[in-house]
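FYI, it's all coordinate maths here, none of it is from the lab. Since we're looking at a predicted model, the values are computed, not measured. Methodologically, a virtual Cβ is constructed for each residue, glycine included, from the backbone with ideal geometry; neighbour enumeration extends over all protein chains shown.
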Amino acid sequence: MKKVLIVDDAQFMRLAIRNILEKNQFEVAGEAANGIEAIQKYKELKPDIVTMDLTMPEMTGIEALKAIMEYDRGAKVVVVSALGQEVQIKEAVINGARSFIVKPIKEEHLVNTLNKILDINKSI
Amino acid sequence: MEEILSNEVDLEEDTQRGRFLTFSLERESYGIEIRYVTEIIGIQSITQVPELPDYVKGIINLRGKIIPVMDVRLRFKKEPRDYNDRTCIIVVDIKNISIGLIVDSVTEVITIPEEEIVDPPQINKGSQNRYINKIGKVGNDVKLLLDCEKLFTEDELEDLHDAL
Amino acid sequence: MSEEYINEPMLEMFLFESTQLIEQLEQSILDSDKEKCYTKTAINEIFRIMHTIKGSSAMMMFSEISGLAHSIEDLFYYIREENPQNIDCSALSDLILEGIDFIKIELEKIKNKDSADGKATTLIGTIKEFLYGLQQANNYKNIDKTKQKVEESKKQYYISQDKVITTVYKNAFKATIYFEDGCEMENIRAYTIIHNLNDITKEIYHIPEDIIEDEESVDIIKRDGFIVYLKSDLSYEKMFEFFKQTIFLKELELTQLENEDEFKQFLSEEPSEIQKKDYQIPKEQGKIKTNVTQSISQQSIISVNVSKLDKLMDLVGEMVIAEAMVIQNPDLRGLELDNFQKAAVQLSKITSEIQDMVMSVRMVPLSATFHKMNRIVRDMCKKLGKEVELKIIGEETEVDKNIIEHISDPLMHLVRNAIDHGFESVKNRELKGKSKSGTLTLEAKNSGSDVLIIVKDDGKGLNKEQILKKARENDLLYKNAEDMSDREIYNLILLPGFSTKEKVSEFSGRGVGMDVVSKNIETIGGTLSIESALDKGTMITLKIPLTLAIIDGMNIKVGNSTYTIPTISIRESFRPKEKDIIIDPDNNEMIMVRGQCYPILRIHEIYKVDTKVTNFTEGIIIMVEQDDKLLCIFADELIGQQQVVVKALPEYIRNFKKIKGIAGCTLLGDGRISLILDIGGLIDKR
């Protein structure tokens, strides 16, 4: 099972994502409620993939993404975001986010996105 | 799913319909619908609670649950009688309120067919039979069937009468 | 809810978190409102909270909440990004508070399993108007921006990391990509492809050309697909593999081009215009903060359902009873059991520790309850044109969760009352030479096993004459006005049927009087006392027990009955001497203790219990105290002290009437029931 780190400041969103993932044979390695925690957890848990909310207190998702990419160039981070945040998503993509999904999260969107990114052959 | 459940409830109610627990007070025999009855226990130590009507004898500890007990004799304005080893407490559950009814003795559980149940004779509505809503005939005997809910709900009215 | 993964815990979590966020939001708004400005931090916080609520409620398909949250988010986005001047802060607060109220009501409905059927359309409209008004007033640079955009977009013909293409690639490709329906933000998805292609090649052209700024690009991509022309050294297979990895890919057409004819349409433009910086976003300067400790400490806190805590509390109560049943088991009477005694002491120690721990888990600070009052003060002052500052002291004081629930309403009522009736208008205050703005103090502090909650105003104080007049009119005077102490006069306002104001005001006159407040406090074993001074103000003190469930009690015997007196009320107990007993002409019995005379209450008499002990010298006197009043209780004998679990009398019994002097009941070690005496009630009864 692939290990996922869920980063979102909203406990509700973390639970929602967790429910979807656990139902679809992912292992939720951990949860983080802000950017700083996300970086710590990433180093500690070494997840296969990260779902990253952008709007968070303490440290935004973008900053956390940058720090994670700096730590691990191969990190797979998927941004979870809302309509209207195009600019931030673009910035996230520039900074290494593999893809993004748009809230409200649809189960198949999340699952397909994660699976596809995890399947991608690193050779390219 | 819900349908099945409610069917089961219906079924249970069906098996209970027409079944009565009979008990005696003085010479009369009374019946109480079995669906109200949760258990029957012997008389036990009752803690008096002050400032209550005399027919509320107090409270008992039923396996950690504290329930009030009512002396049905006194409720029906009959002469009090000392409790003995035949005295029973019928624990009933009416509208989610548990209460123990103290009676002289419990007789049996019987089934009374619907056609054998009739309205009580309309003489004057004395206090004695306002808790009786039907009369059941069993052979040559007559069972006075209790209207359980009246045992509680008439309280305020009666209190008012007492006050006047 | 169509999504399968949405379940009950999620709904619970949604309610829990949203409620918390809304409260936080309300506080933030109130703070900002007080400061008459919205700080950058506050704006950020409000934006973030609305963003979160928007997301969560959209997932739970509460579209009205989500829509409303979205509109507020937009408003604060604008405020955050454009920093407009001259915001009408008060109007903004009103608007957002209205939004908060709407969400609160909807959440309440959801909690009660009702349908969240409120409509936020009008409010959303008002918020949009407000935003529009702001944009107008601040001469929103929209116009400038669009102009800028047009100019810029002319330049953005193709994307390349370098202006000059030096590399010569072997192969040319054309790819047409269709995304899955409903994947959202197709333009950014297209951008992601381009971004990833940058690792492979520098020569990329695409249609639509402007995929970020041009809002139509989304529709074009949906309709015609996203078309990419590129040159690369990679083979067709490799390129195919690359595009195949696109997330949400529905259809891909990839062709290898024989010639470069199709590239010419892009090259006709001047390449010198290409700007590399187009796709760069100004870097945020924010550095990673190093306050790591805080985020770690958050981890050690979990939230627990209150019903589980209640259950745990019940179990501890059962355990305390079971312990008493074992240790005080009648079978043990008269036996010398050293080892048993040692083990029993150990058991008691652990039981009481567990009990303390469970209690402490249930303790919650009063701060949330106190801070709720901010809103009431603000709203009422605004409506009544008064100026009142709320001062909060000791908000960290903790009480049992159950108790918090019981005092929230009474407290709210006291605050309303104080502002409505207690404080003078600004003009009147100035006439009296008082400060323009009144001060309402909410204070909490510990006092033994009680918590004191004090609501104090510096308003006009209670008018004794008016109270007496009113009481006389309503036939509430129970003794001569001349014989009444100040305290007794003030206490008149606690009587049912008393209301000092003729006309019912919007706030305090909702048919709820001080009598209800006082009743509510009494039901949790608390008391309410009033002090007041004309033109200085009024102080109402609520004395609340820390917890409801378990008390230290002294069991006493009267005839065959056992009663329990809360140990906290007991001053002393002693066997009386004949010579100390005094009987006055009305046959009231009293006892002299150290030169003071105290009334005696015979339990067997007031509760009509048969006992052989009727002579004072044969029994025992227990001196009890409540609210500075003393009373001597006469009983047969003391049985002993133990912790008891307070149980309410059965509902059926309570429905008859409130039995004065009985607070509840408890189970003794031998399974019998003991009635817990309510000392305050007994003192009143006499």
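Fewest to most neighbouring Cβ within 10 Å: what's the order for C:THR39, C:THR527? List each step's numbers first, then the result.
Details: C:THR39 12, C:THR527 16.
Neighbour counts put them in this order, fewest first: C:THR39, C:THR527.
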Under a 5 Å amide H to amide H cut-off, with H placed in plane at 1.01 Å, what residues pair with C:VAL388 once short-range neighbours are removed? C:GLY438
Environment charge at B:LEU74 (Cβ cut-off 11 Å; Lys +1, Arg +1, Asp -1, Glu -1): +3
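Using 1/(1 + (r/R0)^6) with R0 = 51 angstrom and r between the beta carbons of C:SER90 and C:LYS349, what's the FRET efficiency to the nearest 0.05? All intermediate terms of the calculation are to be shown ahead of the outcome.
Values: r = 59 Å, r/R0 = 1.15.
After rounding to 0.05, the efficiency reads 0.30.
To the nearest 20 debye, what charge dipole does region B:19-163 have about its Cα centre, counting +1 at the Cβ of each Lys and Arg and -1 at the Cβ of each Asp and Glu?
On the way: 19 positive and 26 negative charges, 54 e Å.
I would put it at about 260 debye.
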What angle do you read, to the nearest 10 degrees and between 0 and 90, between the alpha-carbon axis of helix C:8-35 and the longest principal axis of chain C? 90 degrees
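On average, how many beta carbons from a partner chain sit within 10 Å of the beta carbon of a residue in A:92-100? Could you put the intermediate results ahead of the total?
Details: counts 2, 9, 7, 1, 1, 2, 4, 9, 7.
Mean shielding count: 5.
Quick check on region C:365-545: take the gyration tensor over C-alpha atoms, sort the square-rooted eigenvalues as a ≥ b ≥ c, and tell me if it's rounded (a/c under 1.5), prolate or oblate. Present the calculation step by step, with values, prior to reporting the outcome.
Working: a/c = 1.63, a/b = 1.11, b/c = 1.47.
Since a/c reaches 1.5 but b/c is at least a/b, the shape of region C:365-545 is classed as oblate.
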Could you tell me whether chain A comes out rounded, prolate or oblate from its Cα gyration tensor? Rule is a ≥ b ≥ c as square roots of the eigenvalues, rounded for a/c under 1.5, then prolate if a/b exceeds b/c, otherwise oblate. rounded
Please list 3J(HN,Hα) in residue order for region C:352-369, calculated via the Karplus relation 6.51 cos²θ - 1.76 cosθ + 1.60 where θ = phi - 60°; whole Hz, with x for glycine and proline. 6, 5, 4, 4, 4, 5, 4, 4, 5, 5, 7, 7, 10, x, 7, 3, 4, 4
Average other protein chain Cβ within 10 Å of Cβ, residues C:10-18: 4
Label point 7 Å out from A:LYS2 along Cα-to-Cβ: which residues of region A:34-49 have amide N under 18 Å? A:42, A:45-49
Principal-axis tilt of helix C:401-417 within chain C, Cα atoms, nearest 10 degrees: 90 degrees
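Let me confirm one metric for peptide C:55-61, namely the mean number of other chain beta-carbon atoms within 10 Å of its residues' beta-carbons. Intermediate results must be reported in sequence, preceding the final value.
On the way: counts 13, 9, 2, 5, 9, 3, 1.
Mean partner-chain Cβ count within 10 Å for C:55-61: 6.
Among C:78-90, C:575-587, what's the highest-first ranking by average C-beta atoms within 10 angstrom per residue?
Details: C:78-90: 13.4, C:575-587: 10.5.
Peptide ranking by packing, descending: C:78-90, C:575-587.
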Treating cross-link reach as a plain straight distance, find the lysines whose alpha-carbon is under 25 Å from the alpha-carbon of B:LYS143, omitting any fewer than eight places away in the same chain. B:LYS77, B:LYS78, B:LYS95, B:LYS125, B:LYS134
Per-pair calculated FRET efficiency, R0 = 22 Å: C:SER63 and C:ILE105 via Cβ, rounded to 0.05: 0.90
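At 222 nm, what value in deg cm²/dmol follows for the protein assembly as shown if DSSP H runs of at least 4 each add -39500 (n - 2.57) and the sum is divided by all its residues, to the nearest 500?
-12500 deg cm²/dmol
So how much slack lies between C:LYS464 and C:ASP214, counting 0.36 nm per residue of separation and subtracting their Cα-Cα distance, in nm? Write down the numbers at each step before the final one.
On the way: separation 250, 0.36 × 250 = 90.00 nm, distance 7.41 nm.
The C:LYS464-C:ASP214 span can extend by a further 82.6 nm.
For C:SER532, what charge total do you get from the other residues with a beta carbon under 12 Å from its beta carbon, if Lys and Arg give +1 and Asp and Glu give -1?
0
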Point-to-point label distance, C:SER115-B:ASP82, nm (Cα→Cβ direction, 7 Å offset): 6.7 nm
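Between C:THR614 and B:GLN16, what's the calculated FRET efficiency when r is the beta-carbon distance and R0 is 45 Å? Round to 0.05.
Values: r = 52 Å, r/R0 = 1.15.
Efficiency computed from Cβ-Cβ geometry: 0.30.
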Express as a percent, rounded to the nearest 5, the fraction of DSSP beta bridges in region A:2-119 (both residues included) that run antiparallel. 0 percent
Pop a pseudo-label 7 angstrom from the Cα along the beta-carbon direction at both C:ASP628 and C:THR39 and give the gap in nm to one decimal. 4.4 nm
Helix axis angle, C:514-523 relative to chain C longest principal axis, alpha carbon, degrees: 80 degrees
Cleavage-rule hits (trypsin sites (Lys or Arg not before Pro)) in region C:311-414: DSSP loop, at most 14 neighbouring Cβ within 10 angstrom: C:ARG333
What fraction of the Cα pairs in the protein assembly as shown, stated in percent, has a spacing above 44 angstrom? 54 percent
Zone residues, region C:54-97, relative to C:GLN136, backbone N less than 15 Å from point 7 Å out along Cα-to-Cβ: C:88
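What's the extension gain from C:LYS577 to C:ILE302 if we count 0.36 nm per residue and subtract their Cα-Cα distance? Don't skip to the answer; put the middle values down first.
Details: separation 275, 0.36 × 275 = 99.00 nm, distance 5.89 nm.
Using 0.36 nm per residue and subtracting the Cα-Cα distance, I get 93.1 nm.
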